1. Calculate, for ASP421 and SER175, the FRET efficiency according to 1/(1 + (r/R0)^6) with r their C-beta to C-beta distance and R0 60 Å; round to the nearest 0.05.
2. Of the residues LEU111, LEU198, LEU280, which exhibits the maximal mean-square fluctuation in a Gaussian network model of the chain defined by a 10 Å Cα contact cut-off?
3. Calculate the all-directions average of the projected area of region 159-231's alpha-carbon convex hull, and give it in nm².
4. Test of the criteria: in region 93-192, which trypsin sites (Lys or Arg not before Pro) are in a DSSP loop and have at most 11 other Cβ atoms within 10 angstrom of their Cβ?
5. Can you give the convex hull volume per residue for the Cα atoms of region 2-200, as a whole number of Å³?
6. How large is the convex hull of the Cα atoms of the chain per residue, expressed in Å³ as a whole number?
7. At 222 nm, what value in deg cm²/dmol follows for the chain if DSSP H runs of at least 4 each add -39500 (n - 2.57) and the sum is divided by all its residues, to the nearest 500?
8. Tell me, in nm to one decimal, what length is gained between ASP201 and VAL22 on full extension, where the rule is 0.36 nm per residue of separation less the Cα-Cα distance?
Amino acid sequence: MRLTVIGTGYLGATHAACMAAVGHDVLGVDVDPDRIAALRAGRTPFYEPGLDDLVTEQIGTGRLRFTDSYEEAAAFGEVHFVCVGTPQRGDGGAADLSYLDAAIDALAPHLHRPCLVVGKSTVPVGTAQRLAERLSAAAPAGAGAALAWNPEFLREGFAIEDTLRPDRLVFGIGSAAPGGESVLREVYAPLDPRPPMLVMDLPTAELVKVSANSFLATKISFINAMAEVCEASGADVTRLSEALSYDTRIGGRFLNAGVGFGGGCLPKDIRAFQARADELGVGRALHFLRDVDAVNLRRRERVVQLATELVGGDPAGRRIAVWGAAFKPDSDDIRDSPALDVATRLHALGALVSVYDPKAMDNARKLRPQLDYATDPVAAAQGADVVLLLTEWRAFLDLTPADLTPVVTRPAIIDGRNALDRATWEAAGWTYRGLGRA
Ligand SMILES: NC(=O)c1ccc[n+]([C@@H]2O[C@H](COP(=O)([O-])OP(=O)(O)OC[C@H]3O[C@@H](n4cnc5c(N)ncnc54)[C@H](O)[C@@H]3O)[C@@H](O)[C@H]2O)c1
Ligand SMILES: O=c1ccn([C@@H]2O[C@H](COP(=O)(O)OP(=O)(O)O[C@H]3O[C@H](CO)[C@@H](O)[C@H](O)[C@H]3O)[C@@H](O)[C@H]2O)c(=O)[nH]1
């Protein structure tokens, strides 16, 4: 089939390359000319394992191309996947839907024959219906452009795997466009194994996405709330979490206590969901998400507090190594990154902060030019009064006390992800602090 993918960020570039990989002819569309130029040269403008190679390979097959022309996109596509950003608005928690509106407005006037426009971006419930109306108002009369919603659940760092082998696919199909279901089934027919395909109305499909992210955020904040209690009572949240995980009703995934969640999805999605629930008059139902958010942000303060304690009560003039800038390993995404937030807070308190991240250095430098950036994790720890592990990249976990002891001023480490072996560090004479552990 001939597909366009509108918006070639983390989601869109991955979707475009994977759809080409399963045999479709795909045209990626973006308003950012630098992004289009990079993609045409086989370079994704961000780090996602395997994606550069897949884009290059698929360009080579002739099935994947990129453009900044909506006219070309409209003429080409039978199905248009809309993958533009829906960031948090500057004036509060609600989602900024202006990029979606702009994409529909740019595409619609060029649609002269029947096609399916499929929203994949994460949106407040009710958006799809509004966009369906916007699309039919802006498309030429009789063009036959219909709209469906197909929210995306991929994780950064596993984006290709999650796109090619998703746990499930959700199709939001409105009563005005029932034919969308068979079109989407055809698009995803090449996936092997064939995932469960769940067909529902538009608002339910929109809600599946934000409720999934709310559940995941709640699970992380639940264990981080337990970490607070563990800190106050001398218990160990890692043993607590391990014991909980054996209960198959609870399960161990997303139960890692630490400095909490960040990224371009969970934080903004729980805030936008609350804002939407307020608009719908059911704000009370989601009030707990405020606590989920608050618990999450308190973990960042806790790391700042622990670091302050370990350097003797005042970070001013102290050298602090921060390992990690990305919000999670295997990504260069620094959107709402706990690691970068903690580094910035400590710098604001006067600490001399040296950051290292295997992939996110350029992004971090642009956003936080006031921080120092080291060439490797050992260099970041040079002269350090305390080392903070805040993003659990494999390269950090492989370092041993023997690598660090010769370079630091004081052997002290905060394990912000409970990812290091405490006994190893303590046996080597280091002061070790994990979050949620006495
Ligand atoms: N990043 C993820 O892992 C992920 C996973 C699932 C869902 N989502 C959702 O997908 C959406 C996109 O997220 P992202 O992380 O890929 O964002 P992103 O910021 O990385 O990418 C957005 C892209 O859209 C482009 N764009 C903006 N306006 C445009 C327009 N009018 N026409 C064409 N292109 C335009 C931008 O230039 C950019 O390349 C969001 O709603 C997000 O919540 C993201
Ligand atoms: O036990 C855990 C698991 C995760 N995290 C943190 O939670 C954040 C989010 O992690 P993850 O969900 O793996 O990353 P994302 O790529 O943001 O993916 C989430 O957001 C996407 C965008 O909506 C969805 O598509 C995915 O399903 C959803 O997992 C990261 O900062 C992790 O460090 C923890 O602190 N503890």
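1. Working: r = 57 Å, r/R0 = 0.94.
For ASP421 and SER175, the calculated efficiency is 0.60.
2. LEU280
3. 6.4
4. The qualifying sites are ARG168.
5. 114
6. 149
7. The helix-only estimate for the chain comes to -13000 deg cm²/dmol at 222 nm.
8. Full extension from ASP201 to VAL22 adds 61.7 nm.
Every number in this text was worked out from the coordinates using simple rules, so none of it is lab data. If you're wondering where the values come from, they're calculated on a predicted model, not measured in any experiment. Here Cβ is always computed from backbone atoms with ideal geometry, including for glycine, and neighbour counts include all displayed protein chains.
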